[in-house]
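Take a look at the structure below.
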There are 2 protein chains.
Amino acid sequence: MNPTHDPKLQSWVESANDPATDFPVQNLPFGVFRTGKEEPRGGVAIGDQILDLAAVGLKTGPNLNKLAAAGRPVWTSLRAVLSKGLSDPGQKKRFAKYLVPMKKARLLLPVAIGDYSDFYAGIYHAQNAGRLFRPDNPLLPNYHWVPIGYHGRASSIVVSGTPIVRPLGQTKAPDAPSPAFGPSKRLDFELELGFVIGPGNALGKPVPVAKALDHVFGVTLFNDWSARDIQAWEYQPLGPFLGKSFASTMSPWIVTLEALEPFRCAAFARSGDQPAPLAYLTDERDQQNGNFDIRLDAHLRAPGMARPHRLSRSNFRHAYWTPAQIVAHQASNGCNLRPGDLLGSGTISGPTPDALGAMLEITQGGKNPLMLPNGETRAFLEDGDEVILRGRCEGPGRASIGFGDASGLVRSSPAR
Amino acid sequence: MNPTHDPKLQSWVESANDPATDFPVQNLPFGVFRTGKEEPRGGVAIGDQILDLAAVGLKTGPNLNKLAAAGRPVWTSLRAVLSKGLSDPGQKKRFAKYLVPMKKARLLLPVAIGDYSDFYAGIYHAQNAGRLFRPDNPLLPNYHWVPIGYHGRASSIVVSGTPIVRPLGQTKAPDAPSPAFGPSKRLDFELELGFVIGPGNALGKPVPVAKALDHVFGVTLFNDWSARDIQAWEYQPLGPFLGKSFASTMSPWIVTLEALEPFRCAAFARSGDQPAPLAYLTDERDQQNGNFDIRLDAHLRAPGMARPHRLSRSNFRHAYWTPAQIVAHQASNGCNLRPGDLLGSGTISGPTPDALGAMLEITQGGKNPLMLPNGETRAFLEDGDEVILRGRCEGPGRASIGFGDASGLVRSSPAR
């Protein structure tokens, strides 16, 4: 076992040894923070503290793109240094002065995102969403073959905690003669992971699936907020556009693939009617352990509720495509990836009713509103509602790895 | 008349007075160039020369994003200074030392493009393309109401002259039991304009249509290369993705809206079954003169052909939506635009058979190959073919304004 994964490893930062923390010394995710009037800079989460990367001589500047571009050998060395530094009591003196309480810091978007694309790798989500539109034929013929995805808007990706303004847009009721323009009435969340690209590839040079994970710096939670009514009216024939581009929320900590190594699992087990992937998406090792066992939860806190209510508990292992397949597909036509680019997984729902990653699925398109503990019901999101995504890896003989929250509170549309 | 538009204005740069030039002193488009080992920097096209913007004390750095962000008052002042400096013989001595022959310079992408989205504003293209898929119902019900668009890939936008590698991808023949992976057999071009965003808007704050052109720095030619076979198999339900993201070509010169002012024209004249736009897309002045009369040509030069063969002559006035409507729609949901963002118009075909902006339309999906002057035929593009887009504004009592070329030569797919 890589010593950085040893579940017995303890940190001299006491809060990192709390079994409930998302950030034990086995995790060491990267983020960007600022305190007071100081410039934004890179840090590592450890318990309830942030270790300024200046502790190891690293001046990242306001984003982690250069660190992302540096590649796996650099990340692995850095992880070893940080693991040792934060666990060895003899190094406390050197490192402790670089700790900042997370409560006193403002967390920022960890990377400057050049391009963002979002996939549709959750087969249960694709089935559930498809069933609402095409009851007899929920999955289109290409789904089993193509890692379906679309280009998204990078400018409106915000860090956890940023309010989400309910979008205005064109919508059309099925029986209305013409569309109307106004606030979306079917605002939804989507429970996803985001993959942050490390080293890129040159335009015209595809990335083989066996090497694809070398291009992934790490993983965040991702909420691809969606206005279902705007989306339904606009999406033919060029796909989702303004129904998505008003905002997406990213969690502030990039959990590295190194930290997730103990939670690798086999690729999605395909049933009889699900064909083997084409050769450019097939790698034996990737099939054996190219997916990740990451529990994904979505919570809702309506105004006045003391505690968030869990809407969903899913797991990334339900993804039909592995992260390597997603990256290899994106670059298969020669498209160039750049450090800091973001690839969303798409909504990852599980096969059971308690594992649905969007209101669209939970309420069957709004037809069966859900009941909240305070007695209110929700078909879709209301102003003042806060959606909180959480992610966690747990298992016997391994330290638990968390992702921190990806949260956003819905604000009313701008006055017109 | 604004003196910078005066057709009688002559430049002391002789080549700028040639009636055939794209770059008379009335144009003054902005670009980025480099010579030898010097750093890239901003310049203005004048005849067959480039005036380094250092001539007016402007150090742009490697892209024009800061100039784009500066806004219309700055652009207008700068235009006045450049117009005077390049026409007044008394200023020749001061300016001439900043001239660089265009032949000796390498032109680069003029802006760092954060986000790129592409619209579908060419109603004749939408009808022609739609007819191939849905003979009885070429335009979907939303077309007349919504400026349909999709997010595109910014990383693979290249400047004119950059070779285009034929993409590999999944395609499926209608009668094949399963898809195959290989070089696209239906590679196409798209004849478009690109609108470069100047000052942006804050997330959550829409841009009113009456103010939308204040956010447009200028206009380029744009070729949204498309692999029709990849696109056809992948595009349901999330829209075009790898069929587009392998490359798009942008012309190097950003022609400002100031230069195009004499070529404004009325918005598309809607017929009886075409409804008036919704209020958020309606501005009286925009309806009266918010569109632009820009001739758009597409040429093809196959290997061995001495001269390019014109495939198409269209005009931007056939666009169903004005640039202001496109910008206002993009930001209507609160989506933030940033300086340097690019909004493509979509393929702008005209109503006649000689005005079709893509091979898909010209050859009716490949069914009726076109004949080249050298006797060869083309259903779609072959390796070695060069596509050259040109744009020009002409009219009585006005100096002609050109765009320069947006060209790209098709190279074979990478070996596998």
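The values are calculated or read from the model by the stated rules, or taken from the named source; none is laboratory data. The model shown is predicted, which means the values in this text are computed figures rather than measured ones. Please note: Cβ atoms are built from the backbone with ideal geometry, for glycine as well, and neighbour counts cover all protein chains shown. Calculation scope for accessible area: heavy atoms of the full protein, side chains included, ligands and nucleic acids excluded. Shrake-Rupley method; radii C 1.70, N 1.55, O 1.52, S 1.80 Å.
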Hits in the range A:366-382 (condition: surrounded by 15 or more Cβ atoms within 10 Å (Cβ to Cβ) and charged (D, E, K, R)): A:376, A:378, A:382
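When you look at residue B:107, is it of a type outside the set (S, T, N, Q), within 12 Å of chain A (Cβ to nearest Cβ) and not in a loop (DSSP other than H, G, I, E, B), yes or no? Please lay out each step first, then the result.
Numbers: of a type outside the set (S, T, N, Q): yes; within 12 Å of chain A (Cβ to nearest Cβ): no; not in a loop (DSSP other than H, G, I, E, B): yes.
So residue B:107 does not fit the description; no.
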Go through the range A:278-314 and report how many residues are among the charged types (D, E, K, R), in contact (Cβ under 8 Å) with a residue 40 or more places away in the chain and part of a strand (DSSP E or B). 4
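Taking the stated definitions as given, is residue B:410 within 14 Å of chain A (Cβ to nearest Cβ), part of a strand (DSSP E or B) and either open to solvent by less than 60 Å² (accessible area, probe 1.4 Å) or of a type in the set (Ser, Thr, Tyr) (or both)?
Working: within 14 Å of chain A (Cβ to nearest Cβ): yes; part of a strand (DSSP E or B): yes; either open to solvent by less than 60 Å² (accessible area, probe 1.4 Å) or of a type in the set (Ser, Thr, Tyr) (or both): yes.
Yes.
Condition check ((1) touching a helix residue (DSSP H, G or I) at 6+ places or on another chain (Cβ under 6 Å); (2) farther than 23 Å from residue B:108 by Cα; (3) open to solvent by 70 Å² or more (accessible area, probe 1.4 Å); (4) not polar (S, T, N, Q)) across all residues:
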{"position": "B:4", "(1), (2), (3), (4)": "yes, yes, no, no"}
{"position": "B:8", "(1), (2), (3), (4)": "no, yes, yes, yes"}
{"position": "B:24", "(1), (2), (3), (4)": "yes, no, no, yes"}
{"position": "B:28", "(1), (2), (3), (4)": "yes, no, no, yes"}
{"position": "B:56", "(1), (2), (3), (4)": "yes, no, no, yes"}
{"position": "B:61", "(1), (2), (3), (4)": "no, no, no, yes"}
{"position": "B:67", "(1), (2), (3), (4)": "no, no, no, yes"}
{"position": "B:78", "(1), (2), (3), (4)": "no, no, no, yes"}
{"position": "B:85", "(1), (2), (3), (4)": "yes, yes, no, yes"}
Of the residues B:271, B:251, which is more than 14 Å from chain A (Cβ to nearest Cβ) and free of Cβ contacts under 8 Å to residues at least 12 places away in the same chain? B:271
Residues that are touching a strand residue (DSSP E or B) at 6+ places or on another chain (Cβ under 6 Å) and farther than 17 Å from residue B:143 by Cβ, drawn from the range B:301-329: B:301, B:308, B:309, B:310, B:311, B:312, B:313, B:314, B:315, B:316, B:317, B:323
From the list B:322, B:347, B:363, which residue is within 14 Å of chain A (Cβ to nearest Cβ), open to solvent by less than 10 Å² (accessible area, probe 1.4 Å) and modelled with pLDDT of 95 or more? B:347
If the Cβ limit is 9 Å and pairs must be 6+ apart or interchain, which residue in the range A:388-416 that is touching a residue at least 60 places away in the same chain (Cβ under 8 Å) and under 14 Å from residue A:260 (Cα atoms) pairs with which residue that is of a type in the set (Gly, Ala, Ser) and exposed (fewer than 14 other Cβ atoms within 10 Å of the Cβ)? A:400/A:20; A:402/A:20
Suppose we filter the range B:279-319 for residues that are within 25 Å of residue B:152 (Cα to Cα) and either within 14 Å of another protein chain (Cβ to nearest Cβ) or β-branched (Val, Ile, Thr) (or both); how many remain? 3
Within the range A:286-312, residues modelled with pLDDT of 95 or more and of a type in the set (Gly, Ala, Ser) come out as A:290, A:298, A:302, A:312
Could you look through the range A:236-285, keep only residues that are open to solvent by 30 Å² or more (accessible area, probe 1.4 Å) and at pLDDT below 95, and pick out the one that is nearest to residue A:351 (Cα to Cα)? A:271
Does residue A:221 meet the test of being touching a helix residue (DSSP H, G or I) at 6+ places or on another chain (Cβ under 7 Å), at pLDDT 95 or above and surrounded by 20 or more Cβ atoms within 10 Å (Cβ to Cβ)? no
Using beta carbons and a limit of 6 Å, which pairs, at least six apart or on different chains, have the first residue in the range A:227-247 and without any contact (Cβ under 8 Å) to a residue 24 or more places away in the chain and facing chain B (nearest Cβ under 7 Å) and the second one surrounded by 23 or more Cβ atoms within 10 Å (Cβ to Cβ) and of a type outside the set (Phe, Trp, Tyr)? A:238/B:148; A:238/B:239; A:241/A:234; A:241/B:149
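Given the criterion within 13 Å of chain B (Cβ to nearest Cβ), part of a loop (DSSP other than H, G, I, E, B), surrounded by fewer than 24 Cβ atoms within 10 Å (Cβ to Cβ) and basic (Lys, Arg), identify the matching residue among A:185, A:205. Working first, answer last.
Details: A:185 fails: within 13 Å of chain B (Cβ to nearest Cβ).
Just a single option satisfies the conditions, and that option is A:205.
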When you look at residue B:194, is it open to solvent by less than 10 Å² (accessible area, probe 1.4 Å) and closer than 30 Å to residue B:28 by Cβ, yes or no? yes
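Only one of B:317, B:392, B:338 is in a strand (DSSP E or B), open to solvent by 20 Å² or more (accessible area, probe 1.4 Å) and within 23 Å of residue B:118 (Cβ to Cβ). Can you tell me which?
Details: B:317 fails: in a strand (DSSP E or B); B:338 fails: in a strand (DSSP E or B).
Residue meeting the stated conditions: B:392.
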Could you please give the count of residues in the range A:208-218 that are open to solvent by 10 Å² or more (accessible area, probe 1.4 Å) and either under 19 Å from residue B:153 (Cβ atoms) or at the interface with another protein chain (Cβ under 10 Å from one of its Cβ atoms) (or both)? 2
Conditions: (1) among the hydroxyl-bearing types (Ser, Thr, Tyr); (2) closer than 30 Å to residue A:380 by Cα; (3) outside any loop (DSSP other than H, G, I, E, B). Residue A:245 meets all but one. Number of the miss? (3)
Based on what the data block shows, is residue B:227 at pLDDT 95 or above and either surrounded by fewer than 24 Cβ atoms within 10 Å (Cβ to Cβ) or closer than 27 Å to residue A:413 by Cα (or both)? no
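Could you list, in sequence order, the residues of the range A:166-179 that are within 8 Å of chain B (Cβ to nearest Cβ) and either of a type in the set (Gly, Ala, Ser) or open to solvent by 50 Å² or more (accessible area, probe 1.4 Å) (or both)? First the steps, then the outcome.
Taking the range A:166-179 and keeping what is within 8 Å of chain B (Cβ to nearest Cβ), we get A:167-170, A:172, A:178-179.
Selection gives A:169, A:172, A:178.
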Scanning the range B:133-164 residue by residue, those more than 10 Å from chain A (Cβ to nearest Cβ), surrounded by fewer than 17 Cβ atoms within 10 Å (Cβ to Cβ) and touching a residue at least 60 places away in the same chain (Cβ under 8 Å) turn out to be B:161
Among the residues of the range A:89-132, write down those that are open to solvent by 30 Å² or more (accessible area, probe 1.4 Å), farther than 30 Å from residue A:51 by Cα and not hydrophobic (A, V, I, L, M, F, W, C). A:120, A:124, A:127, A:128, A:131
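Yes or no: the range B:298-306 includes at least one residue that is of a type outside the set (A, V, I, L, M) and either more than 29 Å from residue B:166 (Cβ to Cβ) or open to solvent by less than 10 Å² (accessible area, probe 1.4 Å) (or both).
Scanning the range B:298-306 turns up no residue that is of a type outside the set (A, V, I, L, M) and either more than 29 Å from residue B:166 (Cβ to Cβ) or open to solvent by less than 10 Å² (accessible area, probe 1.4 Å) (or both).
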